[in-house]
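Reading through the structure tokens given below for one structure.
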Amino acid sequence: MRLLRRIATVGALAALSMVLAAPAFAQTGVRTGDPKTWLVIVGAIAAGLAAFLLIIILFGRAPGREAALRGRLATYGQTTDRSGFFGRFRVLRRAASTAEGVARERGVFQIIETALEQANLPLRPGEAIIGGIGLAFIFGLVVGALLQSLVFGVVAAVVVLVLAAMTINMVAARERKRFEAQLPDTLNLIATSLRAGYSLLQAVEAVGAEAPEPTSREFGRAISEIRLGKSVSDALGDVAQRMESQDFEWAVLAINIQREVGGNLAEVLQTTAETRLQRNRLRREMKALTAEGRVSAFVLGALPFFLFAVIFIVNPTYIKPLVSTTQGLAAIGAALVMILIGIMWLQKIVNVEI
């Protein structure tokens, strides 16, 4: 049955690609470098890939032992399926495993995994790497075919990779900020639960059930780890490490000290929550005072790219020497480096550590 599915998939892909590409090659007098011909070819390739993915989704293999194991673990708490779409297919799974091995050798595996966990994306690092490279390759191929320029294709692929990495980092940073903003209420809820007679584990479970996202998600994961045998302090320490929250790490340290030497943990957490609330208020005030500088940094950073796009659309012959000569490409590279340095300089000025 699996062999028949593969044969049907390959046959459908080849047939659809040939049908869509045939009109382009059947026309007489059309040159190979004609943009219309390239558009039809790229459209045929994209349609074939879409048909291939559709057939895979409809006739992919059923989940096996891994799904059964995830079902058993789900009874012990909240679990997140991070196997993703790639885990269902052998070729994609092998490619993702290879990418993870390369990432481990380069020392970036942990960074990618942490960013994906913070952004709450159901992807493994290898899947994110392969997906980003594949998307960049397809986009670069389309841009290069439309503009008939290898340089623009490579630049487009690099831009897509950079934008994908920036998007993941932005989503992760947003989740971390939300966690930090909710931290005073989280500590107040734990302190209130302790004053009401709850144990520390029951207080953590109350936070996981009543707190908003992403706090409830992280505490729910901590509860799952506790049910699987990890201590409460270690599970909360993992939450602080995943969300890169130094304030919550201090709160976990206070919990560990209280469990060793004794003391009023509810009062300590209440004081920590009030301190954190005042720091959030001061941070918002500083953000308001530096708003003009941050807007200026955004405008100055985006202005060169906006002007380049406008001139390229309005008068492409005027800007053609800049993108078709060695001196022009060198000038573009130097300008990009200086723009990057200027943006980093402005961010260093407006970012105030509190």
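The values are calculated or read from the model by the stated rules, or taken from the named source; none is laboratory data. Since we're looking at a predicted model, the values are computed, not measured. Neighbour counts run over all protein chains shown; Cβ positions are idealised from the backbone, glycine included.
What to note about this one:
- Residue match in the stretch 120-137 (condition: exposed (fewer than 13 other Cβ atoms within 10 Å of the Cβ), farther than 30 Å from Glu205 by Cβ and either at pLDDT below 80 or touching a helix residue (DSSP H, G or I) at 6+ places or on another chain (Cβ under 6 Å) (or both)): no
- Checking Ile311, Ile349, Ile343, Ile332 one by one, the residue that is in contact with a Phe, Trp or Tyr (Cβ under 8 Å, 6 or more places away or on another chain) and surrounded by 11 or more Cβ atoms within 10 Å (Cβ to Cβ) is Ile311 and no other.
- Positions within the stretch 209-218 being surrounded by 15 or more Cβ atoms within 10 Å (Cβ to Cβ) and touching a residue at least 24 places away in the same chain (Cβ under 8 Å), in sequence order: Ala211, Pro214, Thr215, Arg217, Glu218
- Search result, residues across the stretch 270-303 that are over 27 Å from Ala196 (Cβ atoms) and touching a residue at least 40 places away in the same chain (Cβ under 8 Å): Leu282, Arg283, Met286, Thr290, Gly293, Arg294, Ser296, Ala297, Leu300, Gly301
- When Glu249 is tested against the conditions (1) closer than 30 Å to Val207 by Cβ; (2) among the acidic types (Asp, Glu); (3) surrounded by fewer than 14 Cβ atoms within 10 Å (Cβ to Cβ), the lone failure is (3).
Here is a yes/no grid of residues against (1) aliphatic (A, V, I, L, M); (2) assigned by TED's automatic domain parsing to the domain that holds Leu277; (3) at positive phi:
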site	(1), (2), (3)
Ile168	yes, no, no
Gln182	no, yes, no
Leu189	yes, yes, no
Ala196	yes, yes, no
Ala203	yes, yes, no
Glu210	no, yes, no
Thr215	no, yes, no
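- Residues (out of contact with any helix residue (DSSP H, G or I) (no Cβ under 6 Å at 6 or more places or on another chain), hydrophobic (A, V, I, L, M, F, W, C) and at pLDDT 85 or above) located in the stretch 138-177: Ile138, Leu141, Val154, Val158, Val159, Val162, Leu163, Ala165, Met166, Met170, Ala173
- Residue check, Leu289 surrounded by fewer than 14 Cβ atoms within 10 Å (Cβ to Cβ), within 28 Å of the chain's Cα centre (by Cα) and either among the hydroxyl-bearing types (Ser, Thr, Tyr) or more than 30 Å from Ala222 (Cβ to Cβ) (or both): no
- Residue match in the stretch 255-274 (condition: under 31 Å from the mean Cα position of the chain (by Cα), under 30 Å from Leu200 (Cβ atoms) and either surrounded by 12 or more Cβ atoms within 10 Å (Cβ to Cβ) or not assigned by TED's automatic domain parsing to the domain that holds Leu189 (or both)): yes
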